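Trainee: Have a look at this one.
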Amino acid sequence: MELTDLTLHEMIRQLREGEITSVALTEASLARIDATDKNLNAFITICRDEAIEAARAADARLAQGDAPMLTGVPVALKDIFITEGIRTTCASKILASFIPPYDGTAVRKLKELGAVIVGKLNMDEFAMGSSNENSAHGPVRNPWNVDRVPGGSSGGSAACVAARQVPASLGTDTGGSIRQPASHCGVVGLKPTYGRVSRYGVVAFASSLDQVGPLARNVRDCGIMLQAVAGYDPADSTSVDTPVPDYLAGLEGGVKGMKIGLPQEYFVSGLDPEVKHAVDQVVEVYRSMGAEVVEVSLPHTRYAVSCYYLIATAEASSNLARYDGVRFGERVDPGKGLKDMYTATRSQGFGDEVKRRIMLGTYALSSGYYDAYYLKAQKVRTLIRNDFLAAFEEVDCILTPVAPTPAFALGDKTADPLQMYLSDIFTLSANLAGICGMSLPCGRAEDGLPIGFQLLGKPFAEADLLRTGYAYEQTQEWHTARPVI
Amino acid sequence: MSDTLRDKYEVVIGLEVHVQLTTQTKIFCGCSTEYGSSPNSHTCPVCLGLPGALPVLNRQVVENAIKAGLATNCNIAPRSIFARKNYFYPDLPKGYQISQFELPICEHGYLDIETEGRGKQRIGITRIHMEEDAGKLLHSDEAGVGSLVDLNRACTPLLEVVSEPDMRSSDEAIAYLKQLHQIVRYLDICNGNLEEGSFRCDANVSVRPYGQKEFGTRAELKNINSFRFIKEGIEYEVERQIELIEDGDKVVQETRLFDSDSGTTRSMRGKEEAHDYRYFPDPDLVPLVIKDDWITQVRGTMPELPQEKMQRFISDFELPGSVAEVLTAERNFAEYFEACTRLHKDARTCANWVMGDIQRMLNESGIDIEQIPVTPQMLCGILERIADNTISGKIGKQVFDLMWESSKSADAIIEERGLKQVTDTGAIEAMVDEVIAANPAQAQEFREGKDKLQGFFVGQVMKASRGKANPAMVNELLCKKLRS
């Protein structure tokens, strides 16, 4: 067994007991990245020197015996997290050489807890995509089959954990961007409730939907990472001032007597039979453990994709206005005045999908269309949230597939944006509703690709999700499987 | 333009005023709002619009907006929303301005004004909303430098006060503006400096033939930085529009810049280039909820407003309206006067001194009343000594001038300079005798009925006493002696 095969909580224990050092772990992580990333392309920036330096400091701290929770553990961040002094590109040409002057809140918390940041991860440009093919840095490949996509937009965050380059990573989830790649790569990914983790210092895609969350090899490790970054932040007006529970305390509480809902609208035609079979198996496991599984209805589900793509693009069109070549990032100036500078900078700096969404969103907000599109979508959003809140009156959590199919082949859907958008069909409702959701591995398709299932929880009930997921995980081996790269 | 032609048309004016708030820090970040610092020295990730930065609303800005709303008779919205106004410009770091659109913080207010033309009028205030200011562009003549951006002003707090189109003359517009200006100065939420742009006015001006119901097409005047220019700009615009209509042309809806050198306006951009700002609620800021107890608390911190103060001065101190108006023009000035009335019971005398000598010296020395060397206590020291006949009014003026120079008390100056009034009957009698003896011819004329000479004798006695003789006693003794 190699050091990189250790899970996050095993690393934490061994570091504390002096069995391993952070320098050794970090070097092993960097070596693993060097060995595998030519095939995977999970990293945009590797922070070799900074990581080794942080690892040395961590070892010193560990020797003193007062080290905080994550001291010495190598982790990696989606390149959407603003990192002081370290290039933050969002996988876009327009930020190709942007070096921020500050750390975001989640990054600051990780650093304060002693984590060693080994690098910045590949993603869909500005988190817009479901396959990680929309990256100026090239696509990330699925560690289980390099001809398949890893999912997106946090493709690098999922692939790096699956490939054991790092034990855990942070991603962001706007419509499934943590859960869907976690599912495709066979790892655990958690999207917390909107407002649970600060968005300060996270490049905004769609501000009312974006949420930071962890990806790791198992439920416990996800809980550890969530514990590290969760909490109210005065710098983010939308973060919520509600106490953060101890996510590990009730982890082993089991599911006996709990009620799990299956939304009938999620088990419809278009769902891959292998995925359906795997999720059916999960249901049987829960029943066997003493949970009651009942049908629930989320009647407005069919409007979710349209609603999402209006709200997300509208917000994105405004959020991305600041990339204008004036103050930071790349500038293309043909020397013919301001308008041409704007046009050239944005035409050449943004990729096609980003431009498509800016145009969609601009249209949805235009005077004369605002009421019919943006405002209507906001109303539908409220209905979708109410669907969930009503369902949670009946059940403790909701169980669904994560994606309609296992990871598809690179290039499969790039020509058909609508098909690509539909791959988020089971995940984006959670963002519209603002609730929490988690993706866990639960099977393997015939061709060996991982399949995941999703648990959706009440607002701020992340601890319930973790407990429910952990109970299942204890009965399975899926999360321990290791891809051959 | 002939008066008859002008009189055919009714003028319609609505005003949008941007009030820059004097908070210590910016509206959405902790940077200083200090004016005149080196470019980009008061900036951070938030006001630079860096990726990932998020706005956090400054509570003081909300309180200032509530004050402005209460002072202009607005409803304070229990729930208001910040919106993004999207447009590209290099001085706008995020590519949108955070403002309020639907659901502003204040609505449905008014100010009552009075002018010679239509007398008392109520001018409606449609709304007051909070927003952030943009940065400044500096255009360099140097080759290769181009334009530079200073973002110190970016994200500084503004209130936009939008009136109804209720004004019918430039005089009414100025009366409204001056009252609004006076209110924000009283509330101490804006320094009121028009030239520096702390109080900026855009005027929507249109004309229509009297009797016509529909408004005429309006032009929006920008870039006017004094009350005088606002009046000139409106006057020019009214005549320009009337001439266009009389010539059979149409007024175009557009923005026009006022040029203070020529006193004219010129077109800035036409309607065809009008922006679609794509307003939508800012998802980075939660709805602003204002509960009644917050409003009550803010109301408790508000000073008496100029109109109320003026009315109170009229009734409490029995002052004429015109006097009360001058005294209440500036809050500090009014407070100075009122401090005097608490120390000296004759309010009219206080008013005369404050509007007379105090105002004169402030003007001459060019200082604000905050820095005045003569405190109300010191001034009233003089007034008390006049009232108790220690000195005459004339000597009082002399004491005042010395006081301004030295900051010494009235008693100290009177003592030091020996200015105490002579009230010793014997001493005055001696001087009167001396003067009558020295001017026998005039004394004779007086006795023969030339009453006017009384003044001459008073003057001579006062001169002999170097101003210190009590004038009333001088008069009395003179009468007695001359008639005897």
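The values are calculated or read from the model by the stated rules, or taken from the named source; none is laboratory data. These figures come from a predicted structure and were not determined experimentally. Glycine also receives a Cβ, built like all others from the backbone with ideal geometry; neighbour counts cover every protein chain displayed. In case anyone asks, the SASA skips ligands and DNA or RNA and just uses the protein heavy atoms, side chains included. Shrake-Rupley method; radii C 1.70, N 1.55, O 1.52, S 1.80 Å.
Trainee: Applying the selection to the range A:232-280, what residues are within 14 Å of chain B (Cβ to nearest Cβ) and open to solvent by 80 Å² or more (accessible area, probe 1.4 Å)?
Mentor: A:Tyr232, A:Pro234, A:Asp241
Trainee: Considering only the range A:308-332, state which residues are more than 9 Å from chain B (Cβ to nearest Cβ) and among the aromatic types (Phe, Trp, Tyr).
Mentor: Once the filter is applied, which keeps residues that are more than 9 Å from chain B (Cβ to nearest Cβ) and among the aromatic types (Phe, Trp, Tyr), the range A:308-332 yields A:Tyr308, A:Tyr309.
Trainee: Separate question: Out of all the residues in the range B:406-440, which are open to solvent by 80 Å² or more (accessible area, probe 1.4 Å) and either in a loop (DSSP other than H, G, I, E, B) or touching a residue at least 12 places away in the same chain (Cβ under 8 Å) (or both)?
Mentor: Let us first name the residues in the range B:406-440 that are open to solvent by 80 Å² or more (accessible area, probe 1.4 Å), namely B:408, B:415-417, B:420, B:424, B:434, B:440.
Hits for the range B:406-440 are B:Lys408, B:Arg417, B:Lys420, B:Asp424, B:Glu434.
Trainee: Tell me the residue from B:Gly449, B:Gly467, B:Gly459 that is without any contact (Cβ under 8 Å) to a residue 24 or more places away in the chain, outside the structural domain of B:Asn389 (by TED's automatic domain parsing) and closer than 15 Å to B:Ser392 by Cβ, please. Show your work before the answer.
Mentor: Working: B:Gly449 fails: closer than 15 Å to B:Ser392 by Cβ; B:Gly467 fails: without any contact (Cβ under 8 Å) to a residue 24 or more places away in the chain.
Result: B:Gly459 is the single residue among B:Gly449, B:Gly467, B:Gly459 that is without any contact (Cβ under 8 Å) to a residue 24 or more places away in the chain, outside the structural domain of B:Asn389 (by TED's automatic domain parsing) and closer than 15 Å to B:Ser392 by Cβ.
Trainee: Could you list, in sequence order, all residues of the range A:342-352 that are more than 9 Å from every other protein chain (Cβ to nearest Cβ) and surrounded by 19 or more Cβ atoms within 10 Å (Cβ to Cβ)? Walk me through how you get there before you give the answer.
Mentor: From the range A:342-352, those more than 9 Å from every other protein chain (Cβ to nearest Cβ) are A:343-352; that's our starting set.
The answer is A:Thr345, A:Arg346, A:Gly349, A:Phe350, A:Gly351.
Trainee: Which of the residues that make up the range A:308-324 are of a type outside the set (Gly, Ala, Ser) and part of a helix (DSSP H, G or I)?
Mentor: Selection gives A:Tyr308, A:Tyr309, A:Leu310, A:Ile311, A:Thr313, A:Glu315, A:Asn319, A:Leu320, A:Arg322.
Trainee: Residues to consider are B:Leu383, B:Leu379; find the one that is modelled with pLDDT under 90 and touching a His at 6+ places or on another chain (Cβ under 9 Å).
Mentor: Details: B:Leu379 fails: modelled with pLDDT under 90.
Being modelled with pLDDT under 90 and touching a His at 6+ places or on another chain (Cβ under 9 Å) holds for just one of B:Leu383, B:Leu379, which is B:Leu383.
Trainee: Any residue that is of a type in the set (Gly, Ala, Ser), open to solvent by less than 10 Å² (accessible area, probe 1.4 Å), touching a residue at least 60 places away in the same chain (Cβ under 8 Å) and closer than 19 Å to B:Asp261 by Cβ - is there at least one of those in the range B:198-219? Let's see the steps before the verdict.
Mentor: Taking the range B:198-219 first, the residues of a type in the set (Gly, Ala, Ser) are B:198, B:203, B:206, B:211, B:216, B:219.
Those still in the list that are open to solvent by less than 10 Å² (accessible area, probe 1.4 Å) too: B:198, B:203, B:206, B:219.
Adding the requirement that they be touching a residue at least 60 places away in the same chain (Cβ under 8 Å) leaves B:198, B:203, B:206.
This time we only want the ones that are closer than 19 Å to B:Asp261 by Cβ, so: B:203.
Scanning the range B:198-219 turns up at least one residue that is of a type in the set (Gly, Ala, Ser), open to solvent by less than 10 Å² (accessible area, probe 1.4 Å), touching a residue at least 60 places away in the same chain (Cβ under 8 Å) and closer than 19 Å to B:Asp261 by Cβ.
Trainee: When residues of the range B:40-76 are filtered for being open to solvent by 10 Å² or more (accessible area, probe 1.4 Å), within 14 Å of chain A (Cβ to nearest Cβ) and outside any loop (DSSP other than H, G, I, E, B), how many remain?
Mentor: Selection size over the range B:40-76: 1.
Trainee: Please find, among B:Ser80, B:Ser37, the residue that is more than 10 Å from every other protein chain (Cβ to nearest Cβ) and modelled with pLDDT under 95.
Mentor: Details: B:Ser80 fails: modelled with pLDDT under 95.
Residue meeting the stated conditions: B:Ser37.
Trainee: Would you confirm, using the coordinates I've provided, whether B:Gln460 is farther than 25 Å from B:Val374 by Cα and out of contact with any helix residue (DSSP H, G or I) (no Cβ under 9 Å at 6 or more places or on another chain)?
Mentor: Details: farther than 25 Å from B:Val374 by Cα: yes; out of contact with any helix residue (DSSP H, G or I) (no Cβ under 9 Å at 6 or more places or on another chain): no.
The answer is no for B:Gln460.
Trainee: So which residues in the range A:451-474 are under 26 Å from A:Asn145 (Cα atoms) and among the β-branched types (Val, Ile, Thr)?
Mentor: Result: A:Ile451, single match.
Trainee: Quick test for you: out of A:Val197, A:Val203, pick the one residue that is within 14 Å of another protein chain (Cβ to nearest Cβ), under 30 Å from A:Gln378 (Cα atoms) and in contact with a strand residue (DSSP E or B) (Cβ under 6 Å, 6 or more places away or on another chain).
Mentor: The match here is A:Val197.
Trainee: I want to confirm something. Restricting to the range A:359-372 and keeping residues that are open to solvent by less than 80 Å² (accessible area, probe 1.4 Å) and either outside any loop (DSSP other than H, G, I, E, B) or under 12 Å from A:Ala314 (Cβ atoms) (or both), which single residue is nearest to the other protein chains (Cβ to nearest Cβ)?
Mentor: A:Leu365
Trainee: Could you check A:Gly335 against (1) more than 7 Å from every other protein chain (Cβ to nearest Cβ); (2) open to solvent by 20 Å² or more (accessible area, probe 1.4 Å); (3) modelled with pLDDT of 90 or more and say which number it fails?
Mentor: (3)
Trainee: Further, regarding this structure: Give the residue that is least open to solvent (accessible area, probe 1.4 Å), with candidates limited to residues of the range B:117-127 that are over 29 Å from B:Arg79 (Cβ atoms) and either small (Gly, Ala, Ser) or part of a strand (DSSP E or B) (or both).
Mentor: Here the answer is B:Gly119.
Trainee: Would you check if B:Glu131 is open to solvent by less than 20 Å² (accessible area, probe 1.4 Å), assigned to a helix (DSSP H, G or I) and either more than 30 Å from B:Gly216 (Cα to Cα) or in contact with a strand residue (DSSP E or B) (Cβ under 9 Å, 6 or more places away or on another chain) (or both)? Before the answer, list the steps.
Mentor: On the way: open to solvent by less than 20 Å² (accessible area, probe 1.4 Å): yes; assigned to a helix (DSSP H, G or I): no; either more than 30 Å from B:Gly216 (Cα to Cα) or in contact with a strand residue (DSSP E or B) (Cβ under 9 Å, 6 or more places away or on another chain) (or both): yes.
When the stated conditions are applied, B:Glu131 does not pass them.
Trainee: Further, regarding this structure: Kindly provide the set of residues from the range B:98-116 that are within 14 Å of chain A (Cβ to nearest Cβ), open to solvent by 20 Å² or more (accessible area, probe 1.4 Å) and not hydrophobic (A, V, I, L, M, F, W, C), ordered by number.
Mentor: Here is the first cut: in the range B:98-116, the ones within 14 Å of chain A (Cβ to nearest Cβ) are B:98-99, B:101-103.
Okay, now just the ones that are also open to solvent by 20 Å² or more (accessible area, probe 1.4 Å), so B:101-103.
Of everything in the range B:98-116, just one residue is within 14 Å of chain A (Cβ to nearest Cβ), open to solvent by 20 Å² or more (accessible area, probe 1.4 Å) and not hydrophobic (A, V, I, L, M, F, W, C), namely B:Glu102.
Trainee: List, please: which pairs have Cβ atoms under 6 Å, are six or more places apart or on different chains, and start with a residue in the range B:139-166 that is assigned by TED's automatic domain parsing to the domain that holds B:Leu15 and end with one that is outside any strand (DSSP E or B) and basic (Lys, Arg)?
Mentor: The qualifying pairs are B:Cys155/B:Lys26; B:Thr156/B:Lys26.
Trainee: If I go through the range B:20-49 residue by residue, how many of them are in contact with a Pro (Cβ under 8 Å, 6 or more places away or on another chain) and in contact (Cβ under 8 Å) with a residue 24 or more places away in the chain?
Mentor: Step one: list which residues in the range B:20-49 are in contact with a Pro (Cβ under 8 Å, 6 or more places away or on another chain), which gives B:20-21, B:23, B:26-29, B:33, B:45-49.
Cutting the leftovers down to in contact (Cβ under 8 Å) with a residue 24 or more places away in the chain gives us B:20-21, B:23, B:26-29, B:33, B:46-49.
Matching residues across the range B:20-49 total 12.
Trainee: Could we say that A:Asp324 is of a type in the set (Asp, Glu), in contact with a Ser or Thr (Cβ under 7 Å, 6 or more places away or on another chain) and either in contact (Cβ under 8 Å) with a residue 60 or more places away in the chain or open to solvent by less than 30 Å² (accessible area, probe 1.4 Å) (or both) here? Let's see the steps before the verdict.
Mentor: Details: of a type in the set (Asp, Glu): yes; in contact with a Ser or Thr (Cβ under 7 Å, 6 or more places away or on another chain): yes; either in contact (Cβ under 8 Å) with a residue 60 or more places away in the chain or open to solvent by less than 30 Å² (accessible area, probe 1.4 Å) (or both): yes.
For A:Asp324, the condition - of a type in the set (Asp, Glu), in contact with a Ser or Thr (Cβ under 7 Å, 6 or more places away or on another chain) and either in contact (Cβ under 8 Å) with a residue 60 or more places away in the chain or open to solvent by less than 30 Å² (accessible area, probe 1.4 Å) (or both) - is met.
Trainee: Counting only residues that are of a type in the set (Ser, Thr, Tyr) and open to solvent by 10 Å² or more (accessible area, probe 1.4 Å), which one in the range A:178-203 is nearest to A:Ile451 (Cα to Cα)? Before you say what the answer is, go through the steps one by one.
Mentor: Filtering the range A:178-203 for residues of a type in the set (Ser, Thr, Tyr) gives A:183, A:193-194, A:198, A:200.
If we keep only those that are open to solvent by 10 Å² or more (accessible area, probe 1.4 Å) too, we end up with A:194, A:200.
Numbers: A:Tyr194: 26, A:Tyr200: 33 Å.
Restricting to residues being of a type in the set (Ser, Thr, Tyr) and open to solvent by 10 Å² or more (accessible area, probe 1.4 Å), the top hit is A:Tyr194.
Trainee: Run B:Ile230 past the list (1) at pLDDT 95 or above; (2) assigned to a helix (DSSP H, G or I); (3) open to solvent by less than 20 Å² (accessible area, probe 1.4 Å) and report the number of the one that doesn't hold.
Mentor: Going through (1) at pLDDT 95 or above; (2) assigned to a helix (DSSP H, G or I); (3) open to solvent by less than 20 Å² (accessible area, probe 1.4 Å) one by one, B:Ile230 breaks only (1).
Trainee: Mind checking which pairs have a first residue in the range B:353-376 that is assigned by TED's automatic domain parsing to the domain that holds B:Arg331 and a second that is outside any helix (DSSP H, G or I) and not acidic (Asp, Glu), Cβ under 6 Å, 6 or more apart or different chains?
Mentor: B:Pro373/B:Ser407
Trainee: Something else: Quick check: is even one residue across the range B:141-160 over 29 Å from B:Glu325 (Cα atoms), in a strand (DSSP E or B), open to solvent by 50 Å² or more (accessible area, probe 1.4 Å) and not aromatic (Phe, Trp, Tyr)? Lay out the reasoning, then the answer.
Mentor: First pass over the range B:141-160, keeping only residues over 29 Å from B:Glu325 (Cα atoms): B:141-157.
Right, trim to in a strand (DSSP E or B) and you get B:147-150, B:157.
From the residues that got through so far, the ones that are open to solvent by 50 Å² or more (accessible area, probe 1.4 Å) too are B:147-148.
Next, from what is left, pick out any that are not aromatic (Phe, Trp, Tyr): B:147-148.
The answer is yes; a qualifying residue exists.
Trainee: In this structure, does A:Ala391 turn out to be assigned to a helix (DSSP H, G or I) and either more than 30 Å from A:Gly186 (Cβ to Cβ) or open to solvent by 10 Å² or more (accessible area, probe 1.4 Å) (or both)?
Mentor: Working: assigned to a helix (DSSP H, G or I): yes; either more than 30 Å from A:Gly186 (Cβ to Cβ) or open to solvent by 10 Å² or more (accessible area, probe 1.4 Å) (or both): no.
Answer is no for this residue.
Trainee: In the set A:Asp49, A:Asp5, which member is of a type in the set (Asp, Glu) and free of Cβ contacts under 8 Å to residues at least 60 places away in the same chain? Give the derivation first.
Mentor: Details: A:Asp5 fails: free of Cβ contacts under 8 Å to residues at least 60 places away in the same chain.
Testing whether each residue is of a type in the set (Asp, Glu) and free of Cβ contacts under 8 Å to residues at least 60 places away in the same chain leaves just A:Asp49.
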